[in-house]
Every structure is written in structure tokens, then in C-alpha cells.
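The values are calculated or read from the model by the stated rules, or taken from the named source; none is laboratory data. All values derive from a computational prediction rather than experimental measurement. FYI the Cβ positions are ideal-geometry reconstructions off the backbone, even for glycines, and counts take in every protein chain you see.
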Amino acid sequence: MAASGFADLEIGLYRRDAESFTVELRYTRPDDAADIRLSTDRPALASFDTAALQDLQQDPEAYGKALSAMVFAEPAVLAAFAEARAATAAQESVLRLRLFLDPAAPELQSLRWETLRDPKDGAPLLMGERLFFSRFLSSSDWGPVRLRPQSELKALVVVANPANLTERFRLAAVDVPGELARARAGLGEAITITELASQGAARASLNAIIDTLRDGYDILYIVGHGTITPKGKPVLFLEDDEGQAAPTDGVDIVTRIGELRERPRLIVLASCESAGAGAPTSADGDPLSALGPRLARAGIPAVLAMQGKVAMTTIERFMPVFFRELRKDGQVDRAVAVARGAVRDAADHWMPVLYMRLRNGQIWYVPSFSGDANLEKWPALIGNIADGLCTPILGPQLSEGLIGGQDQIASALAEKYHFPMSPEQRDELPQVAQFLSVNQDAQMPRRELSAYMREEILRRYGSQLGGLRPDAPLEEVFAAAGKLRREQNPADPYQVLAKLPFKIYVTAGTDNLLVEALRAAGKSPKVEICRWNERLMRFPSVLDDPNYTPSPEQPLIFFLFGLTKVPDSLVLTEDDYFDYLIGVTRNKKWIPPVVSDAIADSGMLFLGFRMEEWSFRVLFRSVISPEGRQRRSRYANIAGQILPEEGLFLDPERARRYLETYSRGSEISVYWGSVDDFMQELNREWEKAAPAPVAAADENPFF
């Protein structure tokens, strides 16, 4: 029977004294995000006889049994491990085992954990599809991991075989055609592959790798010789511009990759000692100084590297299986487990080491609805849109393709103004904006936000916006970039939204992209903002006109959190959000009745939100009123589109339950994918249905 989910077991080893380590186990069931500590009345301890293990290095099976006996020496630890496996099996789930080793104990990193055997019967523990294993390394990079759909995956394959490799360094030549063929066969046709190889036009040099990665790649696969010098420095034998060997310092590789705006989600290093020497630490080196661990600690979500001098024949057998399995579901640790099982007869089968901080182990996702790959409710959703019974509620991520995510904006401002708070807060825009407001003045974050957005659009699209004046204001820059996107992409989210017969749009964005898209579609949108502070009361309201009723031809756009054109209207800092939430709760008139009625008495279509962001949480707490629950329940076709974000809500069903709790019990179908994914499907379904135009508003609808 197919597995119903994943359970997580983290085993942490922390130095207690010179000879022993504290063992901690945390278990998470697949249906519960809460950690369960598998603890005892007193600290569980383990000790490791490295000399005895070293004597067993030539016998991987004996080594694995000895290492397992040391880890599970205490009955309490063995019982807790057995309990976790039994609970997982009872739920027909898969156990994801993560090993965390105390950074203060580098000698543990060089142990061959991948040889572990089942403490019960001595069978291989880390092969097959019931238990997945990875090592976890702490990283200074707190940024979220953005995933792409499988159909958009890109892989860069680098095969380095310098001309003087054998002559100068006495290293065997690399089979370039064979490695490329195996990579192509493993990755398949669904993944776009770019090659940098010694026999090709472009050299397998560090500069060429970095220049190519700037185009955005999900997977970087490097085949080439590597080593750790006697002084503990990691080296990878790449090429120079003439095709000669260029022993490249691993520190330089990590630094250059770390400087990229968009880094690979997975880096695979088919090179010797890229995960360390696989022997106890010498006085000269630290296992964490190897290239693989350095990349993991620099923030690469998943790194597969080799511990020791791996045989080329093992690589030739391991990698095609790994990539083939990865292609099936994007589960990196599952692919490693299956590939390790395929080379179990090799003496060095333990050498591939996976460092991973992906909570769900995936590097891509399949756009779909929770529990329903094709959403049975498409007809109801399309029908409600056609009948004017659907209200889109738009998130700030709709404009992410132009200006980047709010976390990127926050990080840039935090870097520019030396944000002093904890690293995990550097990508929270309300917190960074609050710091600027206190450290400078209240207008500073608003001024900086506008300047950043303008500069970012010009940086990304400036060469394609030829008719734009150099001193054009932000609104003109947005309008020009939006027009360019609509011309380049028929399923541009704003273009699709503009052609649909919506009467009211509620948006958490602050730009004019939707306004311009509606005008381009021949409509006359009216704009209203939430009057959440006294400074906004002086502006006239379009809703004061008794002759105006929102319609598909003259839709209303209600900006919940302000417009960049009106800086005082922006809800930006932490204080702004608190003031907004308190005020809109006390004064229901801040949300016009025509807007609140539409939200309460129609299906809601969420587009471009991340659940953990302030705008999403404040929107639900302030706008989605409990009073409208019964009226909303008539529209079972409510569809929510939530951007996939690794580490928080990569499980669509858990996200759906969370979203339904936030929406006071409304039934919601969560679409798991990007805005573009969803809009392409919505556009196809709308054109396929070809519904009749919605009727114009009539004062006497019965005759």
C-alpha cells in the first residue's frame, strides 16, 4: 500500500564531555506538525570509539554494526527509535531520519554514518524506500526556499576533464561523453539541461559556471576530481580558459555561488572528498571544511557530496539511479536511499552523503489542488465568475516577477541600513520597516520601498523599456513593465484577471498593475483605499457617487493596505499593521459595505499569498468576518492559491486545514503552485467553458 505521508525523526548528538555525547530524539507524526520529544528521566548518552571504528574501515558492514551499537547503546535510545519506527509503520508512512551533529564535535562528522545498520537485525538501514536519511547542518542563511514546478526545472551539468590532468596531477581522465550521456539519461527530457564540458565550446571553469547559474538553475551537477589538501583546504579540479587544470579553492566556489541572487536548490558533487576524507579528523583539518558541508552551511538547501575517494564505477552506477528516482517525485533523500541500495555491493556505497535542510525533501512540486489534481469544482468556479458571484482577493506576490518577493526587499533594506536584529528577522519587511521608522523617521521606509521597487524594475527590464523617461515616476515604470509582461505572456495574471467579469477586486498589493491591465482591456476601473488613518480622510471617495455601482465594465479595486502613490496610505511597519488591525476591528466602516458584502456573499479567490506573511494574517483577521460564514458556505467552490514555500506548508492538506481555520470554517480548495500556474489553468478553463457575458446591473432585476 502506498505511504500516506512522512514522519520526521531527528537524532541530535551534543557534546557532554570529552568522552560522551547527549542523545536527543524528536519525532513528528505525518498528521501533526508538533514535535514529540522521545526522552527519558535522565539524559541519554552515547560514546564513540573512533580507534575501533578506524580498525573496521575496510569492512563497511562491520563498521556499520559497530557504529549502530554505539548510537543505540542505551536501552532508552533504542526503545525510542523502535517506537518511532513502529508508530510510522502503523500509519503506513515513511520515516525521514535527520542527523544533527554538534558543530563543537567535528570528529563526529568524519564518521561513516551512511553505513548504519538496523540495530534489531543488522540489515542495511539506509537503503530502500521506508526510511530516508540525511545530515542536517545549521546555516546562516534564513531565507525561504522557493520551489518551481517540475515542468520548469533547469539543470546545469558540468564535466571537468582538463587536458593536463594525468600528466601534471596523475589523476585519471574523466569520461566526458559517458558522464554527459548518463546525466542526460538520468535527468530525462522533462528537465532542461545545459552542459559545460571539457569537450564543448564553453570551458568547465568557475567563471563559466557562475555566469551560467545567473540564468536561474535548480540543479547543479559537477563531475570532476576533487581532494582535500594536507592543510584541510578543499580543491576541485576545474579548467582555465585554455582547457588546462585549474585547481579551484572550495572557499572561492562557495563564495561565488553564495553571491548569486538565485542559487540552485540541489548541488551534486561527483568528486572525491567533497564531503570530507571519511576518516577521523587530523590536527590539520575539519570535516566541515570540505566543499559539500561548506555549501550546505552557506544555505544551499540540498547538497550531495562524496566522503572519501569514491570509485568512478560507483559514480557511474549511483548517479543515473539517483537522477531517475529524483525525477519521479522530487524527493532528494528518497532518491539517495534508492541509489545507495543500487550500489550496496560496492565497498564505497556509503560515500555519497546528503546534507539537507529541506523539511519535506522536495526540490520541485506538481501544481495541483489539495486532494484533487484537476479540481472537480472548476465548473462551479467558472460559473460563479460568469455570474458575478466571485471576488478575487489578491496578494502582494502577484508583482513578485517584477520586483521580487517581500523577503528580498526586506533583506536588501536590512543590508543597506545594517539591520541589527536577529538573522531570521532580516527578511520580514514589517520588522525591517519598523527599524527604519524608528532609526530614521516614519517616511523613510516608504521612501526606500518606492526607490527599491523602481530600481529593481529598471534593473530587470530597463533595456526593454526604451520609451521610458529616465526620471519617470514609479507608477509609469510599473505601467511600462506591466504592459511588457502582458505582451510577452498571454496568461499574465493581471491580464487574465482584467478580462474576467469581476465587479470588485480586493488587493493587498500597492501598485497600479491591475489598474493598467483593466484599462488595457477596455474597462474603466475605480480605485478606493482603506481609510485606516486620519491623514487619509481628506481624499474623496468614488463610493460617495450615488450613481456608481461596481460592474464588470467599471470594476472597483479596493486597496486594503494602501497605494505607493499615496505614501501615507501604506500599511508597512509593525506599528502600521497593529494600528490597522485595531482600527478596522473597531470601525467596521473602514471596509466599505459594498466590499464586505461581496466578500461575505460570494466565492473568494485568493491569489498570490504566503500564509506566514503579515498581509495574509491581517487580511483574515480584519476583513473575513465570522458574520458572513453562513452566506459564504453557499459557495463551496472557494479556491485558494498559495505559493509553495519549503519548510512551512509544503503539504497541501495541512495548508488547507490551516487556511480553513483562518477563514472561520469556510470550505477552501487550496491550489498548490505559483500564480502563473493557477492563472494558466484558470485561463484555459474559462476559454474552454466560453460562458455568456455577465448581465449588466439592473434596478429591477425581476423584469
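At-a-glance table
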read-out: One residue from R327, R294 being surrounded by 20 or more Cβ atoms within 10 Å (Cβ to Cβ), in contact (Cβ under 8 Å) with a residue 12 or more places away in the chain and in the same structural domain as R261 (by TED's automatic domain parsing); value: R294
read-out: From G341, G383, G388, residue being small (G, A, S) and part of a loop (DSSP other than H, G, I, E, B); value: G388
read-out: Among the residues listed as A197, A202, A246, A183, the single one being under 24 Å from F323 (Cβ atoms) and surrounded by fewer than 21 Cβ atoms within 10 Å (Cβ to Cβ); value: A202
read-out: Filter pass, R135 being basic (K, R), within 24 Å of Q362 (Cα to Cα) and modelled with pLDDT of 90 or more; value: yes
read-out: Tally of residues being among the small types (G, A, S), in contact with an Asp or Glu (Cβ under 7 Å, 6 or more places away or on another chain) and surrounded by fewer than 20 Cβ atoms within 10 Å (Cβ to Cβ) across region 481-523; value: 1
read-out: Total residues in region 541-563, condition crowded, with 21+ Cβ neighbours inside 10 Å and in a loop (DSSP other than H, G, I, E, B); value: 5
read-out: Unique match (being in contact (Cβ under 8 Å) with a residue 60 or more places away in the chain and either under 22 Å from C390 (Cα atoms) or not assigned by TED's automatic domain parsing to the domain that holds N587 (or both)) among T564, T549; value: T549
read-out: Test for R85: is it assigned to a strand (DSSP E or B) and either among the basic types (K, R) or in the same structural domain as G341 (by TED's automatic domain parsing) (or both); value: no
read-out: Candidates A185, A190, filtered to the one that is in a loop (DSSP other than H, G, I, E, B), within 17 Å of I219 (Cα to Cα) and touching a residue at least 40 places away in the same chain (Cβ under 8 Å); value: A190
read-out: Within region 524-540, considering residues that are part of a loop (DSSP other than H, G, I, E, B), without any contact (Cβ under 8 Å) to a residue 60 or more places away in the chain and within 36 Å of the chain's Cα centre (by Cα), the one surrounded by the most Cβ atoms within 10 Å (Cβ to Cβ); value: W532
read-out: Test: residue in region 358-365 that is modelled with pLDDT of 95 or more, touching a strand residue (DSSP E or B) at 6+ places or on another chain (Cβ under 8 Å) and either assigned to a strand (DSSP E or B) or under 30 Å from D676 (Cα atoms) (or both); value: no
read-out: Complete set of residues in region 395-413 that are under 18 Å from Y577 (Cβ atoms) and at pLDDT 85 or above; value: G395, P396, Q406, I409, A410, L413
read-out: Exclusive hit being more than 30 Å from P493 (Cβ to Cβ) and touching a residue at least 60 places away in the same chain (Cβ under 8 Å), set V438, V353; value: V353
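Rundown of residues vs (1) farther than 29 Å from F323 by Cα; (2) free of Cβ contacts under 8 Å to residues at least 24 places away in the same chain, yes/no style:
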site	(1), (2)
G64	no, no
A69	yes, no
A87	yes, no
E129	no, no
L147	no, no
N161	no, no
A173	no, yes
